[in-house]
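Take a look at the structure below.
The values are calculated or read from the model by the stated rules, or taken from the named source; none is laboratory data. Nothing here was measured: the structure is a model prediction, and the numbers come from that model. Heads up, the Cβs are rebuilt from the backbone with ideal geometry, glycines too, and the neighbour counts pull from every protein chain shown. Please note that ligands, DNA and RNA were not included when accessible areas were found on the heavy atoms of the full protein model with its side chains. Shrake-Rupley method; radii C 1.70, N 1.55, O 1.52, S 1.80 Å.
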Amino acid sequence: MMNVFFKKDGSVCRKDISSTENLALPEDVLWIDLLHPTTAEVSHIAQTYALDIPTKEEREEIEQSARYFEDTQSITINTYFLMRSASMDLQNETVTFILFQGILFTIRYADFKVFGEIQQSVLLSPRSFEDGYDILSKIFEVRVEQDADMLEGAAQLTKLLRKAVFDEEASDHTAQLAKLSGLQEFNLSVRDSLFDKRRAITALLKSYKVDPEIKKDLSIVLKDLNSLVEFTTVNLNMLDNTQSLFASRVNIEQNKIIKLFTVATMAMMPPTLVGTIYGMNFKYMPELEWEFGYPMVIVVMIVSTVIPIWYFKKKGWL
């Protein structure tokens with residue numbers, strides 16, 4: 001599907017195109033947004049504007065050093081946008097931006113909230129968007145703000161998880177460990193996405209095709225990106241610290257259990273010794289013929305159990 005935005009009589013109009021048959025693109029095009037494009041749609045745009053548009057498979061195989069490409073006429077950017085998959089797992093989806101003769105082309109195979117917001121802004125405030133560079137700058141600005149919101153939410157979850165480590169009622173260590181692992185994966189994915197955007201914006205700031213006003217806006221976005229990268233580092237360090245605290249708590253609980261079993265073993269040794277002695281099959285054992293021999297042995301076993309327990313409590317070992 002293609003969403004074409006073009007200027008007309010001082011405003012910006014939108015044209016949704018679902019078929020390339022007998023397609024005539026309007027004049028003064030500002031932005032062409034291709035969402036889940038077919039091979040025919042990509043081919044039509046590539047032929048109309050003489051562009052080299054990578055396929056979905058080619059985009060995923062592009063090396064990190066080649067995700068930004070610029071020639072004498074166009075700029076091509078392949079950058080990560082974080083999203084949730086159908087299985088609710090977080091993953092970075094590649095979005096392609098192509099700037100050619102002031103027109104912005106976006107090729108994406110996922111629906112992101114930022115594009116809907118920018119489309120509304122373009123239609124409602126046409127004077128704020130003179131060309132595709134203005135739209136690209138605004139997309140990066142809004143997307144970075146959304147990344148910041150996600151990181152703030154992750155930071156709050158990290159703080160709650162840190163408190164839960166010392167919560168005596170929260171004994172489900174498997175669930176806590178799963179949350180910890182999920183937050184670590186989330187922060188790593190966001191950081192990869194931020195690194196990729198920072199690389200693209202840094203390259204744009206060096207381009208002679210970008211006018212000074214756009215570079216000024218992108219410089220502010222780049223500062224925000226740097227702050228967010230530091231924020232992810234802080235979050236990851238906090239998660240590492242939480243993991244260490246989690247491991248320490250598990251070790252303490254295991255030590256308590258081992259101590260309890262050790263004390264129980266030591267407390268049961270004296271009565272076991274008494275029982276073992278009187279379980280011997282020797283012929284001459286005076287207590288065997290004594291009327292109060294059995295009660296005496298029971299009392300001795302109980303006393304020999306209570307005394308070690310009392311001693312351990314007095315020493316603070318229980």
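Below are the figures for this structure:
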{"item": "Residue within segment 78-98 that is surrounded by 15 or more Cβ atoms within 10 Å (Cβ to Cβ), without any contact (Cβ under 8 Å) to a residue 24 or more places away in the chain and either out of contact with any strand residue (DSSP E or B) (no Cβ under 6 Å at 6 or more places or on another chain) or among the aliphatic types (A, V, I, L, M) (or both) present", "result": "yes"}
{"item": "Pick from segment 102-112, criterion modelled with pLDDT of 90 or more and either open to solvent by 40 Å² or more (accessible area, probe 1.4 Å) or β-branched (Val, Ile, Thr) (or both), ranking: farthest from Glu185 (Cα to Cα)", "result": "Ile103"}
{"item": "Residue that is farthest from Val142 (Cα to Cα) [pool: residues in segment 170-206 that are in contact with a helix residue (DSSP H, G or I) (Cβ under 7 Å, 6 or more places away or on another chain) and either of a type in the set (Lys, Arg) or outside any helix (DSSP H, G or I) (or both)]", "result": "Ala170"}
{"item": "Residues of segment 215-259 satisfying the condition of being β-branched (Val, Ile, Thr) and open to solvent by less than 70 Å² (accessible area, probe 1.4 Å)", "result": "Val221, Val229, Thr232, Thr233, Thr242, Val250"}
{"item": "Test for Asp196: is it among the charged types (D, E, K, R), closer than 27 Å to Ile98 by Cα and open to solvent by 10 Å² or more (accessible area, probe 1.4 Å)", "result": "no"}
{"item": "Total residues in segment 285-318, condition more than 60 Å from the chain's Cα centre (by Cα) and assigned to a helix (DSSP H, G or I)", "result": "12"}
{"item": "Residues within segment 15-39 that are surrounded by fewer than 15 Cβ atoms within 10 Å (Cβ to Cβ), modelled with pLDDT of 80 or more and over 35 Å from the mean Cα position of the chain (by Cα), tallied", "result": "3"}
{"item": "Every residue from segment 87-130 that is assigned to a loop (DSSP other than H, G, I, E, B) and polar (S, T, N, Q)", "result": "Ser87, Gln101, Ser125"}
{"item": "Odd one out for Pro271 among (1) under 30 Å from Gln184 (Cβ atoms); (2) surrounded by 15 or more Cβ atoms within 10 Å (Cβ to Cβ)", "result": "(1)"}
{"item": "Residues of segment 131-169 satisfying the condition of being in contact (Cβ under 8 Å) with a residue 24 or more places away in the chain and either at positive phi or not in a helix (DSSP H, G or I) (or both)", "result": "Asp131, Phe166"}
